[in-house]
Amino acid sequence: MTDEPDYIDLGRHRELAGRTRARWGRRAVLVVLLAFVVAGLANVFGQRATTSVAQGPEVRLQVRAPERLRGGLLYQARFQVRAATAIAKPTIVLERGWLEGMTINTIEPQPVQESSDGRRLVLQLQPLRPGHVDILYMQFQVNPTTVGRRSQQVRLTDGSRTLLVVHRTVTVFF
């Protein structure tokens, strides 16, 4: 059996004598990383869609989209309008929180008319018959530099008359 080299101390290098602090430090770092993974699985950092609903005597509006997002994330929002009475000019009005720091990739099906009133996006849909359901899908991407909390209010109007308002808030993480 050969002797150990001059630069090897068997107690320190093989038996790891005196390294208990370093061992606990590595374990602590591992636990912190594991906590971030568990938080992500619990939807703390976003992407899982939630549904918000507003209902009145004439119509029901259901909005399904994530309330927690991360920079760079691609996500979908679904707007479902169910008419109890005829609505001649159904229009979805999206507040600035839907647009600031977001990129709209697509809107399907295309609205009849798409415009802006200076602060909000206005999407006019096809006229609705009683009992008819219209669904509008929008795909977004969060701009990577966007961070913070903002209102994502959705207003459903019939021309200039407001039918319903859905109040939502979105939080964008790093």
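List of remarks:
- In this structure, Asp134 qualifies as closer than 22 Å to Ala49 by Cα, charged (D, E, K, R), surrounded by 17 or more Cβ atoms within 10 Å (Cβ to Cβ) and more than 17 Å from the chain's Cα centre (by Cα).
- The residues of the stretch 74-105 that are over 15 Å from Leu123 (Cβ atoms) and in contact with a Pro (Cβ under 8 Å, 6 or more places away or on another chain), listed by number, are Tyr75, Ala83, Ala84, Thr85, Ala86, Ala88.
- The stretch 71-123, subset among the hydrophobic types (A, V, I, L, M, F, W, C) and within 21 Å of Val147 (Cβ to Cβ), residue farthest from the chain's Cα centre (by Cα): Leu94
- In the stretch 147-174, the residues that are of a type in the set (Ser, Thr, Tyr) and surrounded by fewer than 18 Cβ atoms within 10 Å (Cβ to Cβ): Ser151, Ser160, Thr162, Thr169, Thr171
- Taking the conditions (1) loosely packed, with under 14 Cβ neighbours inside 10 Å; (2) touching a residue at least 24 places away in the same chain (Cβ under 8 Å); (3) aliphatic (A, V, I, L, M) in turn, Val29 satisfies each one other than (2).
- Residues of the stretch 16-60 classified as modelled with pLDDT of 80 or more and not in a helix (DSSP H, G or I), total: 14
The values are calculated or read from the model by the stated rules, or taken from the named source; none is laboratory data. Everything numeric here is computed off the predicted structure, so don't read it as measured data. Reconstructed Cβ throughout: ideal geometry from the backbone, glycine too, with neighbour counts over all protein chains shown.
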